[in-house]
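To start, the structure itself, in structure tokens.
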Amino acid sequence: MKIVIGADFAGFALKEAVIEYLDSKSINYEDLGTKSADAPVDYYDIVPEVCKGIQNNEYAYGLLFCGTGMGMAQIANSYKGIRAAVCESVYSAKMSRAINDSNILSMGGFIVGPQMGCEMVNVFLNTKLTQDLDQFHDFLIAAQEEIKKLEEVIY
């Protein structure tokens, strides 16, 4: 599994903490920037590269970091096949995968602390669709098929 990471200036510190965590777990990733607090990249420049990499199956998942996580997620969700979730807790990160099969976790550096961010990434990367939701398995699988149909109409 390879993941792709992008951050603007407001998400830079959180991204750096998550990168330390990923390195400690030997998780393969590509960091598209911002790579220095002195050379920030705007969120609207980072998101397209992250999304295109996921669309092209270069990466399984993406991690986006900005001030609130919302700006990145809004842009990301305009790309076909992208399901970006803004999360502010471990529970929401888990449910974004288990219920919605999200492929991008977006977090806010103004909101999420480094330790919490690392825990959120851990659960996001290690949760599967319908995990711990056996009673909803058939519904959630069918919902994903309906979402794919809607994407064909929308895009």
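Bear in mind that the values in this text are calculations on the coordinates, not laboratory data. Just so it is clear, the model here is predicted, and its values are computed rather than measured. When we count neighbours, we look across all protein chains shown, and the Cβ atoms used for this are built from the backbone with ideal geometry, even at glycine.
Restricting the search to segment 17-45, which residues are of a type in the set (Asp, Glu) and more than 15 Å from the chain's Cα centre (by Cα)?
The answer is 20, 23, 38, 42, 45.
Taking the condition of being within 23 Å of residue 149 (Cα to Cα), of a type in the set (Gly, Ala, Ser) and either touching a His at 6+ places or on another chain (Cβ under 9 Å) or in contact (Cβ under 8 Å) with a residue 40 or more places away in the chain (or both), how many residues in segment 63-97 meet it?
The qualifying residues number 1.
Only one of these conditions is not met by residue 103: (1) out of contact with any Leu (no Cβ under 9 Å at 6 or more places or on another chain); (2) more than 21 Å from residue 53 (Cα to Cα); (3) surrounded by 21 or more Cβ atoms within 10 Å (Cβ to Cβ). Which number is it?
(2)
Run down 129, 125 and say which single residue is over 13 Å from the mean Cα position of the chain (by Cα) and of a type outside the set (S, T, N, Q).
Of the residues listed, the single one that is over 13 Å from the mean Cα position of the chain (by Cα) and of a type outside the set (S, T, N, Q) is 129.
When segment 99-112 is examined, which residues are found to be in contact with a helix residue (DSSP H, G or I) (Cβ under 8 Å, 6 or more places away or on another chain), in contact (Cβ under 8 Å) with a residue 40 or more places away in the chain and either over 23 Å from residue 144 (Cα atoms) or among the small types (Gly, Ala, Ser) (or both)?
106, 107, 108, 109, 110, 112
Would you please list the contacts, defined by Cβ atoms under 6 Å and residues six or more apart or on different chains, that run from a residue in segment 127-141 that is in contact (Cβ under 8 Å) with a residue 24 or more places away in the chain to a residue that is surrounded by 10 or more Cβ atoms within 10 Å (Cβ to Cβ) and assigned to a helix (DSSP H, G or I)?
From segment 127-141, the pairs are 127/94; 127/97; 127/98; 130/137; 130/140; 131/98; 133/98.
Check whether at least one residue in segment 65-84 is within 19 Å of residue 20 (Cα to Cα) and touching a strand residue (DSSP E or B) at 6+ places or on another chain (Cβ under 7 Å), and report yes or no.
yes
Kindly indicate whether any position in segment 114-134 is in a helix (DSSP H, G or I), hydrophobic (A, V, I, L, M, F, W, C) and loosely packed, with under 15 Cβ neighbours inside 10 Å.
No - not one qualifying residue is present in segment 114-134.
Could you tell me which residue of segment 135-155 is farthest from residue 69 (Cα to Cα), considering only residues that are surrounded by 10 or more Cβ atoms within 10 Å (Cβ to Cβ) and of a type in the set (Val, Ile, Thr)?
Once the filter is applied, the top-ranked residue is 141.
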